[in-house]
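None of the figures in this text is laboratory data; all of them are computed from the coordinates on show. Just so it is clear, the structure is predicted and the values come from calculations on it, not from any experiment. Because the Cβ atoms are built from the backbone with ideal geometry, glycine has one as well, and the counts that use them run over all protein chains shown.
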Amino acid sequence: MRIDHLDLNGLQRLATELAGLCEAQDVIFLRGDLGAGKTQFAKFFIQARLGEKTDVPSPTFTIVQTYEHVDTGDEIWHFDLYRIEDENEIEAIGFDEARQYGISLVEWPDRLGRHMPSQYLNIQMEINSDDTRNVELEPIGRRWQDRLYNFKKESHARKN
């Protein structure tokens with residue numbers, strides 16, 4: 001599913017809608033060049049799940065930021081693997097634990113190596129010259145295929 005020319009409001013709507021579909025053990029890969037909107041998408045997603053006032057710093061230097069909903073206990077793990085040099089570091093930052101208990105948002109997922117899950121939602125972003133984004137959603141595995149199929153049907157119904 002491809003969505004072209006999303007402005008920031010459109011990116012926020014998409015992140016909010018996808019946040020509503022997620023449940024524990026879901027993994028979302030955020031791919032794109034530097035500045036494509038991966039961290040901004042993650043911020044919108046996390047705020048949609050936990051509240052608009054949630055502070056969402058970039059995990060570029062910490063590599064991972066974790067969030068927990070006070071009332072529900074829902075966990076979100078936001079990984080930025082840009083600085084990971086060896087896939088053995090993945091265990092040390094809690095990726096396997098995150099996949100068991102929470103929702104994982106992963107920037108630069110190509111660095112996962114042998115820790116690559118079999119099911120995830122791949123989100124590829126590119127920025128246009130007018131500061132809009134083109135976003136491609138690709139479900140990998142049955143878990144995401146069914147949800148994305150229903151999401152597309154509901155999205156199409158809203159447009160008509």
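Below are the figures for this structure:
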read-out: Partners for LYS152 among aspartates and glutamates (Cα-Cα distance below 13 Å; same-chain residues under 8 apart left out); value: GLU17, GLU136, GLU138
read-out: Chain lengthening between VAL70 and SER118 when straightened (0.36 nm per residue, less Cα-Cα); value: 14.3 nm
read-out: Segment SER129-GLU52, length gained on full extension (0.36 nm per residue, minus Cα span); value: 24.9 nm
read-out: Among PHE95, PHE45, PHE79, residue whose mean-square fluctuation peaks in a GNM of the chain (springs only between Cα atoms under 10 Å); value: PHE95
read-out: Extension gain, PHE61 back to GLU89 (0.36 nm per residue minus Cα-Cα distance, nm); value: 8.7 nm
read-out: Cα long-axis angle, helix 38-50 against the chain (0 to 90 degrees, to the nearest 10); value: 90 degrees
read-out: Helix 142-159 axis, angle to the chain major axis (alpha carbon atoms, nearest 10°); value: 30 degrees
read-out: Charge tally in the Cβ shell below 12 Å around HIS69, where Lys, Arg are +1 and Asp, Glu are -1, HIS69 excluded; value: -3
